[in-house]
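Down below is the structure, laid out as structure tokens.
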Amino acid sequence: MPEGDTIYRAARALQRAIGGKAVTGFETGLAKLARVNDDSPLVGRVVEKVESRGKWLLIYFSGDLILVTHMLMSGSWHLYRPGERWRMGRSRMRVVIRAGDGDGDWEAVAFNVPIAEFHTARSLERNTQIPKLGPDILAAEFTVAGGVARLAAYGREHPDAEIAVVLLNQRVLAGLGNVYKSEVAFAAGVNPFRAMRTITPKEMESMVDFAQRYMKANVVDGKGDGIVTYSGNRRTTHAMNREERLWVYRRQGQECRRCGATVMMRKQGEQARSTYWCPACQPWVEPALEDQ
């Protein structure tokens, strides 16, 4: 399930493979991308940079052209050497970017990507959701204080919003997905169904701090300057065993790793996303009488 850490790692790998190199080939199964390529061919342009913003991945080409993709639930970017067999069928291919300098040629292939658009810098600013994103938790300039300020501001405008739904709102904080939503609330001891008006500044600080720490831990690169970056199972506990890597996510009916109580799950929000929590470690807090 692609979340902000997955997209960050994908962007880092693509940058290392094709960043700074000339495009030698381009294919797409999407008509709207093909039309842009027909009018303004990609071949000959240089891949200036690849970056992530929350759950979005952006590839910048010379000549003011930007490919913007969003993975949603099933999309992924792969890297192959020329002639190497793809791990998915061609019918799932949406974009192929071939780039290189003769010695370091690569094929970047997007499979099952549901959102893929070309933009100029101006159209990107004017027409997409990206400029409206909240601060990216994995950005170098992100701070816990800044994240808390965003949560607090949203809470003042939407006091009845449930905290776990807010954590998923990419316009508040960019990058958190359904796994981290449950894990961060657990780590901070916050019941995920509490209204924003009941969340204290200290609890907000704890959640933002855990969000940053967990996501940074899951993009650690153990391959030095190589192309392959961290691809292990997402982990929020310190356990190396893959069966013990998460605190509550997808552990409904099992014992809490911290207190032994039974982990629970309930659908939440308009999108009915699964939320997992420990009722003992994350007790319900009644709103103050003046808020009722």
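The values are calculated or read from the model by the stated rules, or taken from the named source; none is laboratory data. Quick caveat: nothing in here was measured; it's all calculated off a predicted structure. Neighbour counts run over all protein chains shown; Cβ positions are idealised from the backbone, glycine included. Note: accessible area is taken over every heavy atom of the protein model, side chains too, but ligands, DNA and RNA are not part of it. Shrake-Rupley method; radii C 1.70, N 1.55, O 1.52, S 1.80 Å.
Filter the range 68-88 for residues that are of a type in the set (G, A, S), touching a residue at least 24 places away in the same chain (Cβ under 8 Å) and not in a strand (DSSP E or B) and give the result.
Scanning the range 68-88 gives S74, G75.
Do we find that L42 is in contact (Cβ under 8 Å) with a residue 40 or more places away in the chain, part of a loop (DSSP other than H, G, I, E, B) and open to solvent by 20 Å² or more (accessible area, probe 1.4 Å) in this structure?
no
Do we find a residue being within 30 Å of Y154 (Cα to Cα) and assigned to a helix (DSSP H, G or I) anywhere in the range 98-121?
Checked against the condition, which is being within 30 Å of Y154 (Cα to Cα) and assigned to a helix (DSSP H, G or I), the range 98-121 yields at least one hit.
Can you find, within the range 124-159, the residue that is nearest to K202 (Cα to Cα) among those that are more than 18 Å from the chain's Cα centre (by Cα) and at pLDDT below 95?
Among residues in the range 124-159 that are more than 18 Å from the chain's Cα centre (by Cα) and at pLDDT below 95, the one nearest to K202 (Cα to Cα) is E125.
Do you know which residues across the range 177-223 are in contact (Cβ under 8 Å) with a residue 12 or more places away in the chain, open to solvent by 10 Å² or more (accessible area, probe 1.4 Å) and basic (K, R)?
R197, K216
Table: residues versus (1) under 17 Å from A110 (Cβ atoms); (2) surrounded by 13 or more Cβ atoms within 10 Å (Cβ to Cβ); (3) among the hydrophobic types (A, V, I, L, M, F, W, C).
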| position | (1), (2), (3) |
| --- | --- |
| Y8 | yes, yes, no |
| A13 | yes, yes, yes |
| G19 | yes, yes, no |
| T28 | yes, yes, no |
| S52 | yes, yes, no |
| M73 | yes, no, yes |
| W77 | yes, yes, yes |
| Y80 | yes, yes, no |
| S91 | yes, no, no |
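Taking the range 125-139 on its own, how many of its residues are open to solvent by 10 Å² or more (accessible area, probe 1.4 Å) and either in contact with a Phe, Trp or Tyr (Cβ under 7 Å, 6 or more places away or on another chain) or closer than 24 Å to R16 by Cα (or both)?
Total satisfying the criteria: 4.
Is it fair to say V113 is of a type outside the set (G, A, S), out of contact with any helix residue (DSSP H, G or I) (no Cβ under 7 Å at 6 or more places or on another chain), surrounded by 12 or more Cβ atoms within 10 Å (Cβ to Cβ) and within 14 Å of T24 (Cα to Cα)?
So V113 fails the test.
Go through the range 137-192 and give me each residue that's touching a Pro at 6+ places or on another chain (Cβ under 6 Å), more than 25 Å from V248 (Cα to Cα) and assigned to a helix (DSSP H, G or I).
Once the filter is applied, which keeps residues that are touching a Pro at 6+ places or on another chain (Cβ under 6 Å), more than 25 Å from V248 (Cα to Cα) and assigned to a helix (DSSP H, G or I), the range 137-192 yields only G146.
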